[in-house]
Amino acid sequence: MKKTFEAIVVGAGPAGAAAALKLARAGVDVALLERGAFAGEKNMFGGLLHRMPALEELFPDFWNRAPLQRHVMKKNLCFMTDEASFTAQYETEAFDREPFNGYTVFRPTYDAWLAEEARRASATYLTRCTVDDVITDSGKVAGVRLLRDGGELRAPVVIAADGVLSFVALKAGLRRPQFNADQMAVGVKALIDLPKAAIDDRFGLVRDQGASVEYVGCTGGVRGGGFLYTNYDSVSVGLVLHIGSLRDSGKTPYDLLNGFLAQPQMAKLLRGGRLLEYSAHVIPEGGYDMVPELAGDGVLITGDAAGFCYATGLNLEGINLAAHSGILAADTVVEARAQGDFSASSLGSYRRKLEQSFVLKDLKLYRRAPKMLHIDRLYEIYPAVLCDFMDRVYRIDGTPKEKLAKLLLNKARQRVTTRELLSDAFTAWRSV
Ligand SMILES: Cc1cc2nc3c(=O)[nH]c(=O)nc-3n(C[C@H](O)[C@H](O)[C@H](O)COP(=O)(O)OP(=O)(O)OC[C@H]3O[C@@H](n4cnc5c(N)ncnc54)[C@H](O)[C@@H]3O)c2cc1C
């Protein structure tokens, strides 16, 4: 087997496959290494694929070629307690027209397709190929060592696209060995089989229309939230739980997930469904403050490996940031190759490209969003206040009413002090 390349990309997720595709299209002799039997074999997400203009540029017909499920045109935010829920829904015909605003996808098919496109563009795509270490020459990354037989592959530049626990970034000395538990979340998901007609009826959809729901108040007080995405004939439903808060609660992800699925309104939505599979994965949720050094001598970091993922409570974005950063890393390698210089200072233009793009701009803009997610009352108390309030608004039982603003304040004061309320409102305001 060939042992030397012009570039090596570790990990064939959305970041790595996009990087390898862009490099191959630019005529770079690139190897794309994936530890799974195929790309996406063990990858999971919620999952909504958002628009990715840089990837769409590589495929003008991206949305027709990629293996997609439903286009999402209904977005819901639901606050829930053990027995009640209050949902705000945004629905627009504009999201029902091309170019669609986002699709649900299955990672095993989507990731495998994108990696195959990189191979078709002439990348050397190797599966069951786990990178165990980086090779250095005079302090510069010069290739990777493989787990299976200790074999080595060499290249003057390596792109780390190996996901949130990036081994390559660690071995290249670009990230610390310990993660901060407050910056990491774990996602647990159940895939539930339901006939297309049942999904269409329950969510008010026709044709290939899809819906998404983000839930607050379904995590037993643990920091995090729930999600539901409609696929063609199944739904993906799960929880994202902050690891530090989960550890302190002593609760387990599967107990919390089972509780969420058993909540009466959830049980109604999912009735008759058959569980197809469970999966779990870690998510970097520290935002801008957890982004590590992005370039070293002979190495660049992309996607989740660089912490390019963020949640505002309304959206969870990761794949679009991964694909965009992969493409910018590839552009940087093409420029460095033209200059014959893969030093950290030459590869430093990668960060500048990211700073000019939505990737670092959005992460910077929402830098304080993780702080809002640390308001513990958001996860049990405020959803209960809202549901108490709605209960009183809609309950007509012959007792005198209160003015709505006063009613809301009274319902809040039954569960939080004025000081806590003001402090939470201030934190939330500053965060977003
Ligand atoms: C529960 C959950 C819900 C989410 N929902 C959404 C959503 O709705 N929308 C959204 O945009 N994002 C979502 N995300 C985030 C999104 O999944 C990630 O941001 C995205 O997958 C990052 O892509 P990546 O290519 O950087 O890393 P990954 O997708 O993790 O890919 C890394 C690849 O590297 C391979 N690899 C790892 N180590 C090695 C090694 N040593 N050698 C060789 N190969 C290796 C892995 O097998 C994998 O294929 C969600 C995440 C989770 C967990």
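Once you have the Cα-Cα distance between residue 206 and residue 58, take 0.36 nm times their residue separation minus that, and quote the gain in nm to one decimal.
50.2 nm
Ranking 79, 103, 14 by how far each Cα lies toward the positive end of the dipole of the chain (charges on Cβ) leaves 79 at the top. For the peptides 37-48, 354-365, the ranking by mean Cβ contacts within 10 Å, running from highest to lowest, is 37-48, 354-365. Charging the Cβ of each Asp and Glu at -1 and of each Lys and Arg at +1, and nothing else, the dipole of region 300-432 about its Cα centre rounds to 660 debye.
Distances between placed amide hydrogens fall under 5 Å for residue 125 paired with 32, all partners being 5 or more residues away or on another chain.
Placing a label point 7 Å from the Cα of residue 148 along the Cα-to-Cβ direction, the residues of region 12-39 whose backbone N falls under 17 Å from that point are 12, 31-39. Under 5 Å from the amide H of residue 49 lie the amide H atoms of 103, 104, 105, each residue being 5 or more positions distant or on a separate chain, with H modelled from the backbone and absent for Pro and chain starts.
Peptide packing: for 21-29, 388-396, the average count of neighbouring Cβ atoms within 10 Å per residue gives the ranking 21-29, 388-396, highest mean first. For region 291-432, lysine pairs with C-alpha atoms less than 22 angstrom apart, excluding pairs fewer than eight positions apart on the same chain, total 5.
What size of dipole, in debye to the nearest 20, comes out for region 181-284 about its Cα centre when the only charges are +1 on Lys and Arg C-beta atoms and -1 on Asp and Glu C-beta atoms? Write out the running numbers ahead of the final one.
Values: 10 positive and 10 negative charges, 34 e Å.
Around 160 debye, computed over region 181-284.
Close amide H pairs (under 5 Å, H built 1.01 Å from N) link residue 231 with 236, residues at least 5 positions away or on another chain. Backbone phi angles across region 21-30, fed through the Karplus curve with coefficients 6.51, -1.76 and 1.60 (θ = phi - 60°), yield HN-Hα couplings of 4, 5, 5, 4, 5, 8, x, 8, 7, 10 Hz in residue order; Gly and Pro are listed as x. The residues 242, 281, 50, when put in order of fewest to most other Cβ atoms within 10 Å, stand as 50, 281, 242.
Scalar couplings 3J(HN,Hα) for region 150-162, obtained by applying the Karplus form with A = 6.51, B = -1.76, C = 1.60 to θ = phi - 60°, are x, x, 10, 10, 10, 6, x, 8, 10, 9, 7, 10, 9 Hz; x denotes Gly and Pro.
Using a simple spin-label model with pseudo-atoms 7 Å out from Cα toward Cβ, residue 278 and residue 420 lie 3.2 nm apart. The phi torsions of region 328-337, fed into the Karplus equation with coefficients 6.51, -1.76 and 1.60 and a -60° offset, translate into couplings of 5, 5, 4, 4, 5, 5, 4, 5, 5, 5 Hz, rounded to whole numbers, with Gly and Pro shown as x. In this Cβ point-charge picture (+1 for Lys and Arg, -1 for Asp and Glu), the chain has a dipole of about 700 debye about its Cα centre. Per-residue packing, averaged as other Cβ atoms within 10 Å, sorts the ranges 190-197, 66-73 into the order 66-73, 190-197, beginning with the highest.
Just so you know, all these numbers are worked out from the coordinates, no wet-lab data involved. Fair warning: this is a prediction, and the values are worked out from it, not measured in the lab. Cβ coordinates were reconstructed from backbone atoms using ideal geometry, including for glycine residues, and neighbour counts include every protein chain displayed.
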